[in-house]
């Protein structure tokens, strides 16, 4: 159970990214976070693993206060939270294998990892995770030789290396073609259903939310303006979230 | 809303602004919220005010007597500048565009007239003393490299002599001269070294014929070792000077600012000046040269490296942090893979620069070809000097080409489609052969330079005094006055040199631009000739040119200006021609399509594209020239270097410290100002 309580984030330049955000996510949920660009989705996701320090509020994960964790504790928490990014965030010049193995860094010793040593099990696990996303034949290719969709699958394999109980996905398909978007979200759906991994995923397109999410929250100007089941978002709700000018568009 | 306008509730009237600007230059513009322009005008006005008065008092520049009043007519352009500033503010307030050029002209008149006088420009000497130059020029064309024996007497044998010998079929009589041996190397019988004996090639103590490398190879070794050492030191340091890394560490911000300041200060002091300090520590010799080169190079590389770290893609850093990795793991997996190609490229660039610096560091430190050159100049042995120059030119042109080629390959950074698991590094033949080559070069250079690390631990007794005096530098008014005077002369030298250099470089750069070269054979030859001229001139350090000009126009700042101008010409020529090559052909096509003639195409299609980069490069060159101008005094080129050398010679370290402080401040300020100005231009 993840509880976000009265979360506030004010950036040093004065921007109020989050104003008193509270919600709960039960284990095994696929929660979609929707909202316009700049509504605070990315900030919210990054506050959960404290890539961004929240200004006020609490985040409790299984009754452990993430916001109060010290450096070493935070790293132990982070290693159980996989993260997937819009821009994939792979190290482009490193091989796919190295990128995937880097998901294991929170578990291995510093010295061993600094000289590039990973155990036989970790390597086998990396290959298995690459097979899971259908990229076992690309293991020793440099990451920048892959297409966007392939890079995002490497990103998923990297997150899987962490044995995550929770996955944060920040616009995972916003940089991809519609067809690829479905293939990526299907992987996330599979992980959610088969392994019971909780998924928090920010999305742009409403029909993707309808198709994959078990629940949705909507942010507007850093506030939660909707929380409920995906199909409950009617036209009135839609206008409230996206503004009066908005029109529904659909994706393949 | 800019903060300055927020101070006032209502918009200022043109008259108010005019009054403001008339009282304090720049304040009118500031009042209108044009902060940058206002500050620039204020600073310029203050500097001009100081310079006109300083020039009148110290050099009687522009002195005129009206009745009982003795003053300088340079106050006229200053007043005009003042008036222009008020008018500019007024025009801006009433929404008309001012004319920046007028203000620039007023300032330029004052600057150039002052510069001309303080650097003692005597153009007529270029003509009246041309016979002196001819002597040197003949020697330079005929370097002392070969000799021949006629009736038991060894004589130098230059090109004409070689040609004659070849015609007579007696080329075998022409042998490398003694000077050739000094510079490049000679074969000599020496006692077999331990390595040779160990390899079983000779008995212990048995004489073997070996190549004894000359000063040129010592110089190559100097540059190489200094580069290796500075890379080793600068790589770890650069992380402490990178903003994005230090912000992740508690207390990192303070470390960041301290590191950046130290790097900038150290970088501002030229290698040759560092050599002055280092010889007090380890004494004259190659060791001093290496340390001086390394110190400056660490600071330069540290800055470049840390900027590269700051420019990495933050995405992977975020991703690796999110996996629960600690700081070291983030550095190893997210930062290091991204910075390897730029680090390699910058290291190669630095190798090139260090090789150039290594040719002159011996002027002071007493090693490599620099020391040899000083000796030849002292003896007036120009044929020997010329041979050294040609040797240097060949080496540096080669180094330049290798470094540029290699950098290009690294930065292209192609992906290799490797499908199988790569072998670990220790099983790769390539890695081992590189490692072996590297070790051989390192050990070879170390032995060639006869380095002894123990010298580091035994500083000369005066070194303690040097450190103490540098902490308690002399800031008494008379010392300050002298140092201010010398540093201003240095700045003006750089200004004039850059101006001369760029004026000359502009026409030549058009000849050296590939896209403007016609298809005829002649124009292609002109292109290669211009390119070649830039490359050859660029390979020689300004200090070495100054030594020639001293002979031509006499010791003093004028010789320094000329030496710097040659370097500025070569560097700017290359940069200008590259700027021309980089222009967008679209506008040229469009202007041509309107039916414009060739001159009109240049005026409307080409000039607007090249003027901003030209100005930007010229400002950049002025910045570099100031740095170089701080050392030309060591070869008789005047400026602050001469003063520094004297203070060191007389062991007046507390005054030398003042000079170094001034150099650091001025060079760092100019560096900052030139970067800001160029940012605004481009």
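What follows is calculated from the coordinates using simple rules that are stated; it is not laboratory data. It should be emphasised that the depicted structure is a prediction, and the values quoted were computed from it without experimental measurement. In this analysis, Cβ positions are derived from the backbone assuming ideal geometry, glycine residues included, and neighbour counts consider all displayed protein chains.
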Folded to 0 to 90 degrees: helix B:336-365 orientation relative to chain B principal axis, Cα: 80 degrees
10 Å Cβ neighbours from other chains, averaged over peptide A:81-91: 5
Kirkwood-based Rg to Rh ratio, the stretch A:29-178, C-alpha trace: 0.98
Taking B:161, A:47 and counting other C-beta atoms within 10 Å, the order from fewest to most: B:161, A:47
Alpha-carbon Debye profile of the stretch B:135-257, log10 I(q)/I(0) at 0.09 Å⁻¹: -0.56
Dimensionless Rg over Rh [the protein assembly as shown; C-alpha; Kirkwood]: 1.03
Rounded, prolate or oblate (a/c below 1.5 giving rounded, otherwise prolate when a/b exceeds b/c) for the stretch B:356-400 by Cα gyration tensor: oblate
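For the stretch B:143-213, what is the per residue volume of the convex hull drawn over the alpha-carbon atoms, in cubic angstrom?
113 Å³
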Whether the stretch B:39-106 is rounded, prolate or oblate, judged on the alpha carbon gyration tensor where a/c under 1.5 counts as rounded: prolate
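If you wrap a convex hull around the alpha carbons of chain A, what volume per residue comes out, as a whole number of Å³?
Looking at chain A, the number lands at 133 Å³ per residue.
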Cα long-axis angle, helix B:521-538 against chain B (0 to 90 degrees, to the nearest 10): 90 degrees
Share of alpha-carbon pairs per 10 Å distance bin for chain B, given as whole %: 3, 11, 20, 24, 21, 13, 5, 2, 1, 0
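Expressed as a whole percent, how much of the Cα-Cα distance distribution for the stretch A:45-107 exceeds 17 Å?
Tail of the P(r) past 17 Å holds 48 percent of the pairs.
From the helices alone, meaning DSSP H stretches of at least four residues, give me the mean residue ellipticity at 222 nm for chain A, per-run term -39500 (n - 2.57), in deg cm²/dmol to the nearest 500. Let's see the in-between values first.
On the way: 9 runs with 85 residues, N = 252.
Roughly -9500 deg cm²/dmol at 222 nm, from the helical runs in chain A.
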Amide N proximity, the stretch B:20-61 versus residue B:482 label position 7 Å along Cα-to-Cβ, cut-off under 19 Å: B:58-59
The stretch B:590-630 - Debye-derived log10 I(q)/I(0), Cα point model, q = 0.16, 0.19, 0.32 Å⁻¹: -0.53, -0.61, -0.95
Shape box of the stretch B:536-652 [Cα atoms, principal axes, largest first, Å]: 69, 26, 20
Neighbour-count order for B:247, A:83, B:287, fewest beta carbons within 10 angstrom listed first: B:247, B:287, A:83
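Counting only helical runs of four or more DSSP H residues, what would the 222 nm mean residue ellipticity of chain B come to if each run contributes -39,500 (n - 2.57) and the total is spread over all its residues?
Values: 32 runs with 484 residues, N = 682.
Mean residue ellipticity, 222 nm, calculated: -23500 deg cm²/dmol.
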Two-decimal Rg/Rh across the stretch B:3-118, once Rg and the Kirkwood Rh are taken from alpha-carbon atoms: 1.06
P(r) histogram, all alpha-carbon pairs of the stretch B:305-344 included - 10 Å bins from 0, percent: 33, 54, 13
Descending semi-axes in whole angstrom, ellipsoid equivalent of the stretch B:56-213, from the Cα gyration tensor: 67, 25, 17
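Could you give me D for the stretch A:95-214, from Stokes-Einstein at 10 °C and 1.306 mPa s, where the hydrodynamic radius is the Kirkwood radius over C-alpha pairs? Units µm² s⁻¹, please.
Answer, rounded: 106 µm²/s.
Could you state the per residue volume, in Å³, of the convex hull enclosing the Cα atoms of the stretch B:467-681?
133 Å³
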Helix axis angle, B:607-629 relative to chain B longest principal axis, alpha carbon, degrees: 60 degrees
Whether the stretch A:111-172 is rounded, prolate or oblate, judged on the alpha carbon gyration tensor where a/c under 1.5 counts as rounded: oblate
Highest-MSF residue in chain A out of A:78, A:193, A:50 [GNM, Cα springs under 10 Å]: A:193
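Highest mean first, how do B:269-276, B:75-82, A:232-239 rank when packing is the count of other Cβ atoms within 10 Å averaged over residues?
The packing order, highest mean first, is B:269-276, B:75-82, A:232-239.
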Cβ neighbours within 10 Å from other chains - mean over A:67-79: 2
Per-residue Cβ neighbour rank within 10 angstrom, fewest leading, B:355, B:670, B:650: B:650, B:670, B:355
Packing-based ranking, highest mean first, of B:94-101, B:558-565 given that Cβ atoms within 10 Å are counted: B:558-565, B:94-101
Ellipsoid semi-axes in whole angstrom, largest first, where each is sqrt(5λ) of the Cα gyration tensor of the stretch B:247-365: 35, 16, 11
For A:93-99, mean number of other protein chain Cβ atoms within 10 Å: 4
Pair-distance profile P(r), taking every C-alpha pair of the stretch B:80-171, with 10 angstrom steps and integer %: 13, 20, 14, 12, 12, 12, 9, 7, 2
